[in-house]
1. If only one of GLY252, GLY239, GLY281 is touching a residue at least 24 places away in the same chain (Cβ under 8 Å), surrounded by fewer than 17 Cβ atoms within 10 Å (Cβ to Cβ) and farther than 16 Å from VAL23 by Cα, which one is it?
2. Filter the range 66-93 down to residues that are part of a helix (DSSP H, G or I) and more than 14 Å from VAL176 (Cβ to Cβ), then give me how many there are.
3. Restricting to the range 13-37, what's the tally of residues that are of a type in the set (D, E, K, R) and either within 17 Å of the chain's Cα centre (by Cα) or over 26 Å from GLY265 (Cα atoms) (or both)?
4. Residue by residue through the range 189-210, note down the ones that are more than 9 Å from the ligand (Cβ to nearest atom), among the small types (Gly, Ala, Ser) and in contact with a strand residue (DSSP E or B) (Cβ under 9 Å, 6 or more places away or on another chain).
5. Cβ-Cβ under 9 Å, sequence separation 6+ or interchain: first residue in the range 43-59 and more than 19 Å from VAL189 (Cβ to Cβ), partner away from the ligand (no atom under 14 Å from the Cβ) and not hydrophobic (A, V, I, L, M, F, W, C). Which pairs?
6. Answer yes or no as to whether VAL148 is part of a strand (DSSP E or B) and either β-branched (Val, Ile, Thr) or over 23 Å from the mean Cα position of the chain (by Cα) (or both).
7. When the range 118-133 is examined, which residues are found to be part of a loop (DSSP other than H, G, I, E, B) and within 32 Å of the chain's Cα centre (by Cα)?
8. Got a sec? Which helices (runs of 4 or more DSSP H) wholly within the range 164-230 have at least 3 residues that are under 23 Å from ASP298 (Cβ atoms)?
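Read-outs: derived from the displayed coordinates by stated rules, not from any lab. Computed from a prediction, not measured in an experiment: that's the story for all the values here. So basically every Cβ, Gly included, is an ideal-geometry build from the backbone, and we count neighbours across all protein chains shown.
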Amino acid sequence: MDSVTPVGRFAPTPSGRMHLGNVFAALIAWLSVKSQGGEMVLRMEDLDTQRTSEEYVRVLREDLTWLGLTWDRETPPQSRQTRVYDAYFEQLRDKGLLYPCYCTRSQLHSVNAPHLSDGTYVYPGTCRNLSQSERAAMGRNPAWRVRVPDRVWEVEDRIQGISRWNLATDCGDMVVRRADGVYVYQLAVTVDDGLAGVTEVVRGSDLLSSAPRQMYLQELFGFPHPEYAHVPMLLAPDGRRLSKRDRDLDLGQLRKVLHPQELIGALAFSAGLLDRPEPIGVWELAALFSWQKLQKEDFCLELPQLMEL
Ligand code: GLU
C-alpha cells in the first residue's frame, strides 16, 4: 500500500449499543475514507473494563455490518495493548517529561481547584516539583502526568475550522497512566492511531478538545498528525445531546423500526448530504460525499418512524 492511501478508523467503546450520534460519526468516517478509495480500521476502546463487555463488542460489530459500514482490518483492543503502551510511556520518562501525581480525586475537584468557565478542571501542577523524600512519604501508588508546554496548538478541522489551544492553561499537565496502572484514553488513542497509520480522525465534536492533547503526544512519539473532522452532535427531540447512558435512540431500538438504508438516507438528508430523505446504501452515498455539503451545526434527526419508539 502506498503512503498516500487514506486510512480512517472506527474507535467505538463497547460499553453499550451505538446511539444515533455514534452511527452518524461512524458513517461520516466511513464515507470520507471510502469516497477516496481508502482503508478503514476497527479498534475496540475497552480500557475501562468495568464498563465494557465482550457482548457489546459482538453487538457493535454486528451493528456496523447491518449498517453496511465495513472495515478492512481490526487492530487489537486497547485492553490488550498494555505492553505496547508501556514502551511509549518509557519514552516519555526518558525525555524527563513524566512525574508521579499523588493528588486524590477529592483534592483535584475541590472547590478551590482552578476551573475554566465551561467547568473543565485545570491541573495546577501540585505534584510537579515534589522532592524524592516527599514522594516516598506519600505511601500510595501515584498516577503519572506528562508535563505540557506553554505553547499554542492550532487544530485545523474540516468541519469546525481553526481553533487554538494552550494545554498549559486549558488542562495543565495531563495524566497518561492512572494510579491503578491503566493507561488513559489520550495516550492509548495516540499510540493506536499512530501504529495503525491512521491519516484521518473523524469523530463527534465533543472530542475536539482532545485533538490538541493528542497532537502534543503525536509530536513526542514521532507520529505524523492526522487530519481532523469533528462532526456535529445529534440532538434528542427535546434539544439534549444523545447519551448512551440514557439509552437514547440506540441501534437496538432503531433496528426495530427501520431498514438500514432508511436510517442512512435520513441521516444523510438531515446532514445536508442528500437533497431528499430517501433510502440509500452507503456505497451509493460514498459516490456523492463531499465535506462542503456537510451540515456544521448540531442537529435533530426528523424521522417519522422515531415517533414509534
Ligand atoms: N472511543 C471513543 C468513543 O466511543 C471515541 C474516541 C475517538 O474517536 O478518538 O466515544
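1. On the way: GLY252 fails: farther than 16 Å from VAL23 by Cα; GLY281 fails: farther than 16 Å from VAL23 by Cα.
Step by step, each of GLY252, GLY239, GLY281 is checked, and only GLY239 is touching a residue at least 24 places away in the same chain (Cβ under 8 Å), surrounded by fewer than 17 Cβ atoms within 10 Å (Cβ to Cβ) and farther than 16 Å from VAL23 by Cα.
2. 5
3. Kept after step one, since they are of a type in the set (D, E, K, R), are these residues of the range 13-37: 17, 34.
Remaining after also requiring either within 17 Å of the chain's Cα centre (by Cα) or over 26 Å from GLY265 (Cα atoms) (or both): 17.
The qualifying residues number 1.
4. Across the range 189-210, the qualifying residues are ALA196, GLY197, SER205, SER209.
5. Pairs found: VAL59/GLY252.
6. So VAL148 does not fit the description; no.
7. Listed by number, the residues that qualify are ASP118, GLY119, THR120, VAL122, TYR123, PRO124, GLY125, THR126, CYS127, ARG128, ASN129.
8. Filter on the range 164-230 gives 210-221.
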